[in-house]
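Notes to accompany the following structure.
The values are calculated or read from the model by the stated rules, or taken from the named source; none is laboratory data. No experiment lies behind these values; they were computed from the predicted model shown. Cβ coordinates were reconstructed from backbone atoms using ideal geometry, including for glycine residues, and neighbour counts include every protein chain displayed. The accessibility values were calculated without ligands, DNA or RNA, using every heavy atom of the protein model including side chains. Shrake-Rupley method; radii C 1.70, N 1.55, O 1.52, S 1.80 Å.
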Amino acid sequence: RKRYEMAYVNTSRIAGFNLIERFAALRADIAARVSQSRAYRATFNELSAMTDRELADIGVARSMIHEISRQAAEQ
């Protein structure tokens with residue numbers, strides 16, 4: 001017999017977390033995501049514009065550009 005376990009989400013709200021605080025948290029989250037997106041795109045565009053020779057000189061393969069850009073965005 002296979003045994004299945006179900007996950008559930010707790011939807012209770014934190015006391016004192018009013019609408020203004022929720023809105024401020026949402027704005028901060030959006031700002032952080034926009035900043036990460038800009039960092040990703042800038043890194044990706046800069047590395048993509050390089051020739052294979054230039055990438056090889058800095059030790060980067062073209063297939064690594066996405067991962068390097070993602071890491072730069074997380075910092």
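Mind giving me the nanometre distance, one decimal, between the label points for Arg33 and Gln75, set 7 Å out from Cα along Cα→Cβ?
Spacing of the two 7 Å Cα→Cβ label points: 2.4 nm.
Return the sequence-ordered ³J(HN,Hα) values of region 62-70 in whole Hz as given by the Karplus equation 6.51 cos²θ - 1.76 cosθ + 1.60 applied to θ = phi - 60°, using x for Gly and Pro.
Listing the rounded values in order: 4, 5, 8, 4, 4, 5, 5, 5, 5 Hz.
Of all the accessible heavy-atom surface of region 35-75, with the other protein chains kept in place and a 1.4 Å probe, what percent is carbon and sulfur?
On the way: 1540 of 3030 Å².
Of all accessible area on region 35-75, carbon and sulfur atoms account for 51 percent.
In whole Hz, what ³J(HN,Hα) sequence does region 22-37 give by Karplus (6.51, -1.76, 1.60; θ = phi - 60°), x for Gly and Pro?
Here the 3J(HN,Hα) series is 5, 5, 4, 5, 5, 4, 5, 5, 5, 4, 5, 5, 5, 4, 5, 5 Hz.
Rounded to the nearest 0.05, what FRET efficiency do Ser63 and Arg41 have when you use their Cβ-Cβ distance and R0 = 22 Å?
Details: r = 18 Å, r/R0 = 0.84.
Computed FRET efficiency for Ser63 and Arg41 comes out at 0.75.
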